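Peer 1: One structure coming up, written as structure tokens, with questions to follow.
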Amino acid sequence: MSSVADSSVLTCCHHLKTESWEEHLRILKIITDLFLPHIGLSELEDECFSKILPKAVSVFDSMMKEISDQVGGLSSQNTELCALLRNVLQAMMQLIDALSTCVRHVCSFEEAPDLNTIRSLPTCILKILRETFLHCKESDVVYCGRLSLVADLLQGLFKEAYSLQKGLLELLDHITLDSSASEEEVSDIVTVIHSLLDICSIISNLDIALHANTWKFLIKQSLKYRSLVEEHLHHGDISSSLCENLLASFHSCVEWAEQMTNAGQQEATQSPEYKLFQKSAKMSRFFANTLVHYIKEFKIFLTKYCSCFHQVYLQIVSKFPPSLSAQALPTALSEELKAAALVPMDALLLQLLPLRPFTEIVLGKDLRLSPEHEFPHCLLLTSVLGQLVTQPEEVLQLWHTGSQFPEDTPRHPLYGALFTSFRRCYTERKVPVLLPGVMMRGQAQVQVTLHHHMCVQLCASVAALPPVYFPVLERCLVDAVLQADTQTALLATDVWCFTARYGTAELCLHHILLIAQLVKMCTTECYQLFHLSLLLKRMVFLMTPNHQMELVMRFPPSEEENLPVWRHVLIRALSQDVRHRVEKDIIGVTQKVLTDWQNGGHKLGQVDKLNVVLMSLLVVVRGQSSLQEQCVLSVMKMVTQLWLRMSSDQVQTQPALQCTLQLLLSMSTVLVKNVDPQFICQALLCVDALMSQKCSDHQLLLAALEFLASLGKIFVPADNQSHILPRLSSLFGVLLADGPWLLHQHALEAFSHFAEVTNHEEVISQSLSKEETKTKVVNYLSKTVNAREDAESRLHRLKMETAEIEQHNEKLEHKEENDCNKQPTEAVTDSEPCPKRARQETGAEEYSRYIQTAESALKALQALIEGQANSSAPPQWLESKLQELHTLINHISAAGQTI
């Protein structure tokens, strides 16, 4: 009888004999040991494997079932059951050994087998391997605390399975399929890959080497037969499993590193913890590189899983400094961890850049991230910005343009997303976190803030930006400047100024004209005006002299309607000719408005108009180092005229005059050496009157503090000291004693500046008459800190503030948006009086207001006459006018008596 016939007889017996797995195992061993060596390669599948291997799987399953049925009664006392289960485990090892014999036999042939000749072998073996590894993994649960009774056999079972899988993978590695492979062969390879993926999920915590080698083979087979299997593979399962394994290894690595750091073992490189750390780091590096390679080869099939890749990036970056959720590690451990997981993230990002779904996720307008992932996302966007330089046109368009059609998934342009992300990193900006700066001119690399880091990256990107995307950049800069967060607007301002410097002079002019028009359109003191005015101040420095003159021609400072623009321009930014023109025009228009106000009887309704021109005049005064002597005289004349008419009684009741007083104080601060002592006394009287009313206008009080500090630069004449110095001491004492922390800090600064330069030292001692005030000043000068907030509490506070500040900013923007969206009729209605009639003054209040106005005017007239007594005589018509006023007063008095 031939060997093939003998085999056929035995396989038939194998199918027909008793259902006892012991008998089946005995027959299987006979076939594999005695008959298999005599079967040729071409006959293996049909005559042997297809008949015995499925039955072997069935027998193996019956063994597993018997263990699960009997294991509940296992104990050291039940020796019979213990022996039974040990016999089952030994039989399972024998079955696996028989399968190993089959693999070795196939490998013994010189030529590599076709997959069709052994197709039952890998399928059946992988099923048995899966169940074996799963049984070993769940052994703690299966044997219910009695694992020690069978631990030696389970260890042997695992080793046999390990050896079987190694042999099978070596066998499959020798098999080659070409483009003419049948559908059955392709299906078999796909099944092998998916089975190995299933096994990988089981053995991840059993053996690192086995896990890594299985994954290597899985990916190798996927790439080897890429053209055949790419449309059949479960790419989502494979990529998701890679991500899960990467994160699991990485988090394990971080935990070991943190444990070693907390225990002070970072230097013990031979410790068990360090070895486990290294193994985890090695696996992290392996899975990170494998994921990058798999995405590179199959990215067209992975578009649905970009959200998973995005999360992997964020989770890994969030565990590295300067992220606030990362623990500080020793340099050696940190560097190993970076090499294992952080470095491959740049390669991962590079592979994801061309994928539109990834772009839609990263730039999404409704992106909801956890607080600890906001900063990593910002770093991701910054990294994208740096990598785009080397990308083709279609990738640039994908990232820079944003969503363009209604059917597109809404997404920001990259620049818009960067500013939005930066805005959300409030806590990181306040701490602040520090990132590596750019090395320049051989200098050592320094740590820089997030603002600095992003500013450098953004400016570098602008320098390389193709012209076609420039309009998108401009829109993003405008949007960023006009939003509520000031530091984000400042970042956009920095980038805008670089853009103006890097571009042409004509571009700079075009932008400044646009900004100036926007400033002019801001009719109220809103946050947009603050941001735009800051940008305008800086941009004017970048203009050529000719273009500065063109700005003057477009917005003539001689016209009152353009003064809101010039009040935000620094005079020193202008060329000499332009500066003189602007100074002359502003001084001229201010003098005209002031004269009109005086001739109009000092009507309070005209004070707002006066304040507008005084704001621009203040800009001229602050640039006084360039003022011509004639201009200084003209300004001082106007300041004098205003102080003559500034009444402390009126300032207390008229908010518009408080604004005028603030501007006068600011101008007098700059011109303090030119101000007459009587007007200094007048200023102190006005401030004292406001302090007695507990004035809540912080801007006015800050201007008053600057004025008080400037008085240290002058020497008060002896005949004026009794009027000025006591009041100066009294004001310093009040302002230093109490108040909001911001005003109190400025009061300390102002007093210290005054004390450093003054010749009137008695003012210092008199201001510090209270011991409490003296202690505050001494602590400030000695830089004593009463209470220091610990780092953890400060970080917690900043995180709590983030939500509050963002809500405040959103509320501001929502209000502005509603104001802009109002219909014209609504806007007009808002400017009209309310339908409800305003409260009317009582008779006594109305009498009091007119009497105060008349009294203030007469006092100002008296001061003017007394001040000019030694210089020039009053006009001739003054006497007749005074007689007319006297007659009018008598008539009013007589009329009051008859009522």
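The values are calculated or read from the model by the stated rules, or taken from the named source; none is laboratory data. Please read all numbers here as calculations on a predicted model, not as lab measurements. All Cβ positions, glycine included, derive from the backbone under ideal geometry; neighbour counts span all protein chains shown.
Peer 1: Would you confirm, using the coordinates I've provided, whether VAL675 is surrounded by fewer than 22 Cβ atoms within 10 Å (Cβ to Cβ), under 17 Å from VAL621 (Cα atoms) and assigned by TED's automatic domain parsing to the domain that holds PRO717?
Peer 2: no
Peer 1: Inside the range 540-561, can you point out the residues that are under 37 Å from the mean Cα position of the chain (by Cα) and under 28 Å from CYS659 (Cα atoms)?
Peer 2: Passing the criteria: only VAL540.
Peer 1: Here is a further query. Please determine whether any residue of the range 471-484 is outside the structural domain of ALA573 (by TED's automatic domain parsing) and part of a strand (DSSP E or B). I'd like the intermediate steps shown before the answer.
Peer 2: Restricting attention to the range 471-484, the residues satisfying the condition of being outside the structural domain of ALA573 (by TED's automatic domain parsing) are 471-484.
So of that shortlist, the ones also part of a strand (DSSP E or B) come out as none.
No, the range 471-484 contains no residue that is outside the structural domain of ALA573 (by TED's automatic domain parsing) and part of a strand (DSSP E or B).
Peer 1: Looking at this structure, is LEU89 at pLDDT 90 or above and over 21 Å from LYS51 (Cβ atoms)?
Peer 2: So LEU89 fits the description; yes.
Peer 1: Identify the residue in the range 104-148 that is in a helix (DSSP H, G or I) and over 57 Å from the mean Cα position of the chain (by Cα) and, among all such residues, is surrounded by the most Cβ atoms within 10 Å (Cβ to Cβ).
Peer 2: Out of the qualifying residues, it is VAL106.
Peer 1: Select from the range 252-267 the residues that are surrounded by fewer than 16 Cβ atoms within 10 Å (Cβ to Cβ) and modelled with pLDDT of 90 or more and list them in ascending order.
Peer 2: GLU255
Peer 1: Which pairs have Cβ atoms under 7 Å, sit 6 or more apart or on different chains, and link a residue in the range 755-769 that is over 14 Å from LEU708 (Cα atoms) to one that is part of a helix (DSSP H, G or I)?
Peer 2: Taking only residues 6 or more apart or on different chains, the pairs are GLU762/LEU725; GLN766/SER729; LEU768/LYS774; LEU768/VAL777; SER769/GLY733.
Peer 1: Restricting attention to the range 500-512, which residues are assigned to a helix (DSSP H, G or I) and either touching a Leu at 6+ places or on another chain (Cβ under 7 Å) or over 21 Å from PRO564 (Cβ atoms) (or both)?
Peer 2: Residues satisfying the conditions are ALA500, ARG501, TYR502, ALA505, GLU506, LEU507, CYS508, ILE512.
Peer 1: Same structure again: Looking at the structure I just gave you, is LYS166 within 52 Å of the chain's Cα centre (by Cα), farther than 30 Å from CYS82 by Cα and surrounded by fewer than 19 Cβ atoms within 10 Å (Cβ to Cβ)?
Peer 2: Considered against the rule, which asks whether it is within 52 Å of the chain's Cα centre (by Cα), farther than 30 Å from CYS82 by Cα and surrounded by fewer than 19 Cβ atoms within 10 Å (Cβ to Cβ), LYS166 comes out as yes.
Peer 1: Is there any pair linking a residue in the range 790-814 that is touching a residue at least 40 places away in the same chain (Cβ under 8 Å) and within 19 Å of GLU428 (Cβ to Cβ) to one that is among the polar types (S, T, N, Q) and assigned to a helix (DSSP H, G or I), with Cβ under 7 Å and at least six apart or on different chains, and which?
Peer 2: LEU798/THR427; LYS799/THR427; THR802/THR427
Peer 1: Can you confirm whether HIS310 is within 30 Å of PRO432 (Cα to Cα) and either touching a helix residue (DSSP H, G or I) at 6+ places or on another chain (Cβ under 7 Å) or of a type outside the set (A, V, I, L, M) (or both)?
Peer 2: The answer is yes for HIS310.
Peer 1: If you don't mind, there's one more thing I want to ask. Select from the range 396-411 the residues that are without any contact (Cβ under 8 Å) to a residue 60 or more places away in the chain and buried (at least 21 other Cβ atoms within 10 Å of the Cβ) and list them in ascending order.
Peer 2: LEU398, TRP399, ARG411
Peer 1: Give the residue, chosen from ASP188, ASP173, ASP152, that is at pLDDT below 95 and closer than 16 Å to ASN213 by Cβ. Quick ask: steps written out before the conclusion?
Peer 2: Working: ASP188 fails: closer than 16 Å to ASN213 by Cβ; ASP152 fails: closer than 16 Å to ASN213 by Cβ.
None of the others qualify; the one that does is ASP173.
Peer 1: Name the single residue, out of those in the range 546-585 being in a helix (DSSP H, G or I) and among the acidic types (Asp, Glu), that is surrounded by the most Cβ atoms within 10 Å (Cβ to Cβ).
Peer 2: Here the answer is GLU583.
Peer 1: Checking the structure you have, find out if any residue of the range 832-853 is assigned to a helix (DSSP H, G or I), among the aromatic types (Phe, Trp, Tyr) and either within 28 Å of SER421 (Cα to Cα) or at pLDDT below 70 (or both).
Peer 2: yes
Peer 1: Quick one: in the range 37-63, of everything that is at pLDDT 90 or above and over 18 Å from THR123 (Cβ atoms), which residue is surrounded by the fewest Cβ atoms within 10 Å (Cβ to Cβ)?
Peer 2: Filtering first and then ranking leaves SER62.
Peer 1: So if I check each of LEU385, LEU329, LEU379, which one is in contact (Cβ under 8 Å) with a residue 24 or more places away in the chain and assigned by TED's automatic domain parsing to the domain that holds ALA257?
Peer 2: Answer to the check: LEU329.
Peer 1: I've got another one for you. For the range 280-313, enumerate the residues that are farther than 20 Å from PHE217 by Cβ and either charged (D, E, K, R) or not assigned by TED's automatic domain parsing to the domain that holds LYS338 (or both).
Peer 2: Within the range 280-313, LYS299, LYS304 meet the criteria.
Peer 1: Is it the case that some residue within the range 24-36 is assigned by TED's automatic domain parsing to the domain that holds VAL150, closer than 23 Å to ALA161 by Cβ and at pLDDT below 85?
Peer 2: Just the residues of the range 24-36 that are assigned by TED's automatic domain parsing to the domain that holds VAL150, to begin with: 24-36.
With closer than 23 Å to ALA161 by Cβ added as a condition, the list becomes 24-33, 36.
Then drop every residue that is not at pLDDT below 85, which leaves 24.
Checked the range 24-36: at least one residue is assigned by TED's automatic domain parsing to the domain that holds VAL150, closer than 23 Å to ALA161 by Cβ and at pLDDT below 85.
Peer 1: In addition: Going by the conditions given, is GLN278 modelled with pLDDT under 95 and not in a loop (DSSP other than H, G, I, E, B)?
Peer 2: For GLN278, the condition - modelled with pLDDT under 95 and not in a loop (DSSP other than H, G, I, E, B) - is met.
Peer 1: When you scan the range 636-654, do you find a residue that is outside any helix (DSSP H, G or I) and of a type in the set (D, E, K, R), even just one?
Peer 2: Taking every residue of the range 636-654 in turn, at least one turns out to be outside any helix (DSSP H, G or I) and of a type in the set (D, E, K, R).
Peer 1: Any residue in the range 770-783 that's assigned by TED's automatic domain parsing to the domain that holds GLY739: show its pairings with residues that are surrounded by 13 or more Cβ atoms within 10 Å (Cβ to Cβ) and outside any helix (DSSP H, G or I) at Cβ separation under 7 Å, as long as the two are six or more apart or on different chains.
Peer 2: Filtered contacts from the range 770-783: LYS774/LEU768; VAL777/LEU768.
Peer 1: Hey, another quick one. Return the pairs, sorted by first residue and then second, in which the second residue is of a type in the set (S, T, N, Q) and part of a helix (DSSP H, G or I), the first residue lies in the range 485-511 and is outside the structural domain of LEU536 (by TED's automatic domain parsing), the beta carbons are less than 6 Å apart, and the residues are 6+ apart or on different chains.
Peer 2: From residues that are outside the structural domain of LEU536 (by TED's automatic domain parsing), the pairs are ASP485/ASN809.
Peer 1: For residues in the range 669-679 being in contact with a Phe, Trp or Tyr (Cβ under 9 Å, 6 or more places away or on another chain) and outside any loop (DSSP other than H, G, I, E, B), which is nearest to ALA703 (Cα to Cα)?
Peer 2: THR669
Peer 1: Hey, does the range 202-210 have a residue that's surrounded by fewer than 19 Cβ atoms within 10 Å (Cβ to Cβ) and of a type in the set (Val, Ile, Thr)?
Peer 2: From the range 202-210, those surrounded by fewer than 19 Cβ atoms within 10 Å (Cβ to Cβ) are 205-209; that's our starting set.
Still in the running and of a type in the set (Val, Ile, Thr): 208.
The answer is yes, given that some residue of the range 202-210 is surrounded by fewer than 19 Cβ atoms within 10 Å (Cβ to Cβ) and of a type in the set (Val, Ile, Thr).
Peer 1: Got a sec? Which of LEU233, LEU218 is modelled with pLDDT of 95 or more and not in a helix (DSSP H, G or I)?
Peer 2: Exactly one of LEU233, LEU218 is modelled with pLDDT of 95 or more and not in a helix (DSSP H, G or I), namely LEU233.
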